[in-house]
Amino acid sequence: MPKPIFVLSGPNLNLLGQREPEIYGRDTLADIHARCATRAQAFGLTVDCRQSNHEGVLIDWVQEARESACALVINPAGYGHTSVALLDALKTLAIPVLECHLSNPAAREAFRKTTYVSLAATGVVSGFGGTSYELAVEAAAGLAGATRS
Ligand code: DQA
């Protein structure tokens, strides 16, 4: 059985659907996770989707991915712009790391233009709403060596 793709989401993403829908859309995180599972399934893979509002919990999950995941997709949310500790954890990974964002942070406020997580990312997908997650899962599956079945 291949290892899953970890799909991690940071703070406030549990409120998707209600939170600033004009920026983040009306899909819930559960909707997006279901679509990620379908994308991964096309490659014969599974996803392990988790969300936390806590930086240390996200770091624990990144460390768990060292042994337990074939690739990591992460929407670090606000921690992407602030967390050196999350960057340090991601830098310990030997697997592909895909950063994703629902919005396009580069087109928003100045403080969103720096994303520490990008320094450890194999690639970044931004600006496509929930589809950013799906595209990141698809890229992660390919980088992990899976082919569409
Ligand atoms: C976000 C963009 C971040 O700047 C913001 O702090 C978020 C969500 C996105 O998915 O567009 O919480 O990561």
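The values are calculated or read from the model by the stated rules, or taken from the named source; none is laboratory data. These numbers were taken from a predicted model, which means no experiment stands behind them. Cβ placement follows ideal geometry from the backbone for every residue including glycine, while neighbour counts extend to all protein chains displayed. These area figures cover heavy atoms from the full protein model, side chains too; ligands, DNA and RNA do not enter into them. Shrake-Rupley method; radii C 1.70, N 1.55, O 1.52, S 1.80 Å.
List of remarks:
- Across the range 50-57, rounded Karplus estimates of 3J(HN,Hα) from the backbone phi angles (6.51 cos²θ - 1.76 cosθ + 1.60, θ = phi - 60°) give 9, 9, 9, 8, 10, 4, x, 5 Hz, Gly and Pro being marked x.
- For residue 48, the amide hydrogen comes within under 5 Å of the amide hydrogens of 5, 6, 7, counting only partners 5 or more places away or on other chains and with H modelled in the peptide plane.
- Viscosity 0.692 mPa s, temperature 37 °C, Stokes-Einstein D of the range 41-99 from Kirkwood C-alpha radius, µm²/s: 273
- Annotation: extensible slack from residue 23 through residue 149 equals 41.9 nm (criterion: 0.36 nm per residue apart, minus Cα-Cα distance).
- Applying a DSSP loop filter and a limit of 11 other Cβ atoms within 10 Å to the trypsin sites (Lys or Arg not before Pro) in the range 93-149 leaves 113, 148.
- Here the accessible area is traced with a 1.4 Å probe on the protein chains. For the range 5-143, carbon and sulfur cover 52 percent of it.
- DSSP beta bridge pairing in the range 5-143, given as percent antiparallel to the nearest 5: 0
- Projecting label points 7 angstrom from Cα along Cα→Cβ for residue 122 and residue 94 puts them 1.4 nm apart.
- Heavy-atom accessible area per residue - the range 5-143, 1.4 Å, Å²: 43
- Centre-to-centre, using Cα atoms only, the range 101-149 and the range 21-68 are separated by 12 Å.
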